[in-house]
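Visitor: Pasting in a structure now, in structure tokens, and then I'll have a few things to ask.
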Amino acid sequence: LDGSAIGNPVGQRANTIETEVVATFLPRVVIDSLYSAVEQAGLTVQSLTLEPIAAGSLVISPTMRQLNLALVDVGAGTSDVAVAREGALVAFGMVPLAGDEVTECLCRELLVDFYEGETVKRRLRCGGEVTFRDVVGQTHTRSAGELVAVIEPTVREIARHIAEEIMGLNGKAPQAVILIGGGSLTPGLPEALAGWLELSPQRVAVRG
């Protein structure tokens, strides 16, 4: 407003007002598929936005956006990134790596199907021993610590790609990283991401 940043221009007086718009474009086939799925459920679309924009609006409140923060929504197939600084969400990105890569790693190592691999993955956070049945019907028991070591190279690779995306969007390491989504619960992911970004482990945290 007249060259000065302002949170809400309503009710203010000035000679000039300007804003910077972040526009994101998706392939038409993606949009059409989303609309088709919603219509098959008997619903209509009122508005459409990207996951990192929606998640960032919820998790990074306006009062937090003066800080330089990165939000990473680690899902099954993708890790969506939003960057906040100077009072706004300023950049968004996506990494095509997430929880499914960890599950597939366990499937290869343990010779289990995808659903059993998912079950094993979710049990790793509890520690102790994990019992599972392989594709030939045999039952095995292995320690959670041993299985965490199995997935460590995959987790580090996912963290490296996420860190590179954050650095590309932000130009430098942020002050802190907030992780959300089911994939963020993968053991070792916050620590690995902190390592790649050269941040204190306390600055990379999983948010409910």
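Visitor: Considering the range 178-189 alone, what residues qualify as being open to solvent by less than 20 Å² (accessible area, probe 1.4 Å) and more than 10 Å from the chain's Cα centre (by Cα)?
Guide: T186, L189
Visitor: Looking at the range 89-109, can you tell me whether even one residue there is of a type in the set (S, T, N, Q), in contact (Cβ under 8 Å) with a residue 40 or more places away in the chain and farther than 15 Å from Q175 by Cβ? Give the steps one after another, and end with the answer.
Guide: First, the residues of the range 89-109 that are of a type in the set (S, T, N, Q): 103.
Those left that are additionally in contact (Cβ under 8 Å) with a residue 40 or more places away in the chain: none.
Checking the range 89-109: not a single residue is of a type in the set (S, T, N, Q), in contact (Cβ under 8 Å) with a residue 40 or more places away in the chain and farther than 15 Å from Q175 by Cβ.
Visitor: Could you tell me whether the range 67-74 includes any residue that is touching a Lys or Arg at 6+ places or on another chain (Cβ under 9 Å), open to solvent by 50 Å² or more (accessible area, probe 1.4 Å), touching a residue at least 60 places away in the same chain (Cβ under 8 Å) and over 22 Å from R122 (Cβ atoms)?
Guide: Looking only at the range 67-74, we keep the residues that are touching a Lys or Arg at 6+ places or on another chain (Cβ under 9 Å), and these are 67-69, 71.
From what's left, open to solvent by 50 Å² or more (accessible area, probe 1.4 Å): 67.
Then keep just the ones that are touching a residue at least 60 places away in the same chain (Cβ under 8 Å); that gives 67.
Those still in the list that are over 22 Å from R122 (Cβ atoms) too: 67.
The answer is yes, given that some residue of the range 67-74 is touching a Lys or Arg at 6+ places or on another chain (Cβ under 9 Å), open to solvent by 50 Å² or more (accessible area, probe 1.4 Å), touching a residue at least 60 places away in the same chain (Cβ under 8 Å) and over 22 Å from R122 (Cβ atoms).
Visitor: For residues that are touching a residue at least 12 places away in the same chain (Cβ under 8 Å), in contact with a strand residue (DSSP E or B) (Cβ under 7 Å, 6 or more places away or on another chain) and farther than 23 Å from A76 by Cα, tally how many sit in the range 128-165.
Guide: Adding up the residues that qualify gives 5.
Visitor: Okay, next question. How many of the residues in the range 18-47 are part of a loop (DSSP other than H, G, I, E, B) and modelled with pLDDT of 95 or more?
Guide: 3
Visitor: Would you please list the contacts, defined by Cβ atoms under 7 Å and residues six or more apart or on different chains, that run from a residue in the range 2-17 that is under 19 Å from P62 (Cα atoms) to a residue that is aliphatic (A, V, I, L, M) and open to solvent by 80 Å² or more (accessible area, probe 1.4 Å)?
Guide: P9/I17
Visitor: Give, as residue ranges, the helices (runs of 4 or more DSSP H) completely inside the range 80-174 that count at least 2 residues that are within 16 Å of T186 (Cβ to Cβ) and among the aliphatic types (A, V, I, L, M). Give the derivation first.
Guide: Working: elements: 99-110, 114-123, 144-170.
Of the helices (runs of 4 or more DSSP H) lying wholly inside the range 80-174, those with at least 2 residues that are within 16 Å of T186 (Cβ to Cβ) and among the aliphatic types (A, V, I, L, M) span 99-110, 144-170.
Visitor: Taking interchain pairs and intrachain pairs at least six residues apart, which have beta carbon atoms under 8 angstrom, with the first residue in the range 175-197 and among the charged types (D, E, K, R) and the second open to solvent by 30 Å² or more (accessible area, probe 1.4 Å) and part of a helix (DSSP H, G or I)?
Guide: Correct list of pairs: E191/P201.
Visitor: Name every residue in the range 150-202 that is on the phi > 0 side of the Ramachandran plot and touching a Gly at 6+ places or on another chain (Cβ under 8 Å), in order of residue number.
Guide: Across the range 150-202, the qualifying residue is only G181.
Visitor: Quick check, is L58 within 19 Å of P96 (Cβ to Cβ) and within 22 Å of the chain's Cα centre (by Cα)?
Guide: Numbers: within 19 Å of P96 (Cβ to Cβ): no; within 22 Å of the chain's Cα centre (by Cα): yes.
When the stated conditions are applied, L58 does not pass them.
Visitor: Suppose we keep only residues that are in contact with a Leu (Cβ under 9 Å, 6 or more places away or on another chain) and in a helix (DSSP H, G or I) within the range 190-208. Which one would you say is most open to solvent (accessible area, probe 1.4 Å)? Even if it seems obvious, please write down each step before you answer.
Guide: Going residue by residue through the range 190-208, those that are in contact with a Leu (Cβ under 9 Å, 6 or more places away or on another chain) are 190, 193, 199, 203-207.
This time we only want the ones that are in a helix (DSSP H, G or I), so: 190, 193, 203.
Details: P190: 20, L193: 1, R203: 126 Å².
Among those residues, the one meeting the criterion is R203.
Visitor: Sticking with this structure for a sec: Within the range 84-93, take every residue that is within 16 Å of V21 (Cβ to Cβ) and touching a Pro at 6+ places or on another chain (Cβ under 8 Å) and give me the one that is surrounded by the fewest Cβ atoms within 10 Å (Cβ to Cβ).
Guide: G87
Visitor: Then there is this: When only residues in the range 51-66 that are part of a loop (DSSP other than H, G, I, E, B) and not basic (K, R) count, which is most open to solvent (accessible area, probe 1.4 Å)?
Guide: Q66
The values are calculated or read from the model by the stated rules, or taken from the named source; none is laboratory data. The shown structure was predicted, so the numbers you read here are calculated from the model rather than taken from an experiment. Note that each Cβ is placed from the backbone with ideal geometry, even for glycine, and that neighbours are counted across all protein chains shown. Areas reflect the complete protein model, heavy atoms only, side chains present, ligands, DNA and RNA absent. Shrake-Rupley method; radii C 1.70, N 1.55, O 1.52, S 1.80 Å.
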